1. Between 91, 105, 50, 73, which is modelled with pLDDT under 95 and within 17 Å of the chain's Cα centre (by Cα)?
2. Regarding residue 122, is this residue in a helix (DSSP H, G or I), among the hydrophobic types (A, V, I, L, M, F, W, C) and within 15 Å of ligand 2 (Cβ to nearest atom)?
3. Considering only the stretch 133-146, I want to know if a residue exists there that is more than 16 Å from ligand 3 (Cβ to nearest atom), of a type outside the set (S, T, N, Q), closer than 24 Å to residue 207 by Cβ and assigned to a helix (DSSP H, G or I).
4. Hey, could you check the stretch 139-172 for residues that are within 12 Å of ligand 1 (Cβ to nearest atom) and small (Gly, Ala, Ser) and say which is nearest to residue 41 (Cα to Cα)?
5. Quick check: is even one residue across the stretch 163-178 assigned to a helix (DSSP H, G or I), within 16 Å of ligand 2 (Cβ to nearest atom) and either hydrophobic (A, V, I, L, M, F, W, C) or at pLDDT 95 or above (or both)?
6. For residues that are aromatic (Phe, Trp, Tyr) and closer than 22 Å to residue 59 by Cα, tally how many sit in the stretch 142-194.
7. Return yes when residue 71 is without any contact (Cβ under 8 Å) to a residue 40 or more places away in the chain and exposed (fewer than 12 other Cβ atoms within 10 Å of the Cβ) and no when it is not.
Amino acid sequence: MSDRAEHVVIMGPQGAGKGTQAALVAPELRLVHISTGDLFREVRKADTELGREIRDYYDRGALVPDELTIRMLSARLDEVMQQDAGIRGALIDGFPRTQAQAEALDRMVADRGERIAAVVLVDVPRERLVERLSGRLICSNCGATYHRVFNPPKESGRCDVCGGTLEQRSDDTPEAVERRLAIYYEQTAPILDYYQTAGLLVTVNGDQPIDDVKNAITAAVRPRFSDAE
Ligand code: ADP
Ligand code: ADP
Ligand code: ZN
């Protein structure tokens, strides 16, 4: 195994299935899933200054300021890389979302002496996204993702993984969904060109059954690691 960490970024619009896929492929690829959205959902619950600040951006569907986001991501990367010697790196979900964040990630990874092995785009047509987001349920305890119709839990309202209560996200309202999708197509989609030029982009069809998407991602990413299996 290479001794420098190798990270993978997973990208795609809201509802593409990034969180769902990350939970499935991370263990297979020996990566640890880091979701900036999950980090913020955790922090926003706390009755602290930081919690209140995050809540204000989060509930509007607005982006949290870069300085804060980058600080949280970098702290989490430190934790992850200390966890387990068998871990290759992180599967980064929810970051970067702007060109400035993409450049900040490059600097962060270079400063740490690590590399990005691939950037996966989970490609789903825009007209599919609203039906996915309007039926999305997440576990209030562990963050696992379900769908009322496409991926229901075994027992209604309960998480298969931990038994926690399932709920709708506070930002899966029609207004916040529209705002987040608009930000994605304006600010995030353009950075795909940046990764294409860098030779890192791998595009996977996300508009197929969950298991097929999973197999497509693992097959496309494996050869990108320096110890390609
Ligand atoms: P993202 O993290 O990209 O916003 P999620 O993983 O939360 O997306 O998925 C959005 C919704 O779509 C969830 O309710 C999820 O269960 C459902 N979903 C994910 N992948 C698929 C798929 N391949 N087919 C149908 N529904 C899916
Ligand atoms: P989605 O992709 O469905 O919008 P996430 O769970 O990835 O949801 O993120 C939820 C919220 O967390 C975002 O609307 C934003 O407020 C904040 N957030 C997550 N990642 C970032 C980021 N990279 N930069 C700024 N804000 C972020
Ligand atoms: Zn759970």
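1. 73
2. Criteria not met by residue 122.
3. yes
4. 143
5. Let us first name the residues in the stretch 163-178 that are assigned to a helix (DSSP H, G or I), namely 174-178.
Restricting the remaining residues to those that are within 16 Å of ligand 2 (Cβ to nearest atom) gives 174-178.
Keeping just the survivors that are either hydrophobic (A, V, I, L, M, F, W, C) or at pLDDT 95 or above (or both) gives 176-177.
Yes.
6. Number satisfying all stated conditions: 3.
7. For residue 71, the condition - without any contact (Cβ under 8 Å) to a residue 40 or more places away in the chain and exposed (fewer than 12 other Cβ atoms within 10 Å of the Cβ) - is met.
The values are calculated or read from the model by the stated rules, or taken from the named source; none is laboratory data. The model shown is predicted, which means the values in this text are computed figures rather than measured ones. Methodologically, a virtual Cβ is constructed for each residue, glycine included, from the backbone with ideal geometry; neighbour enumeration extends over all protein chains shown.
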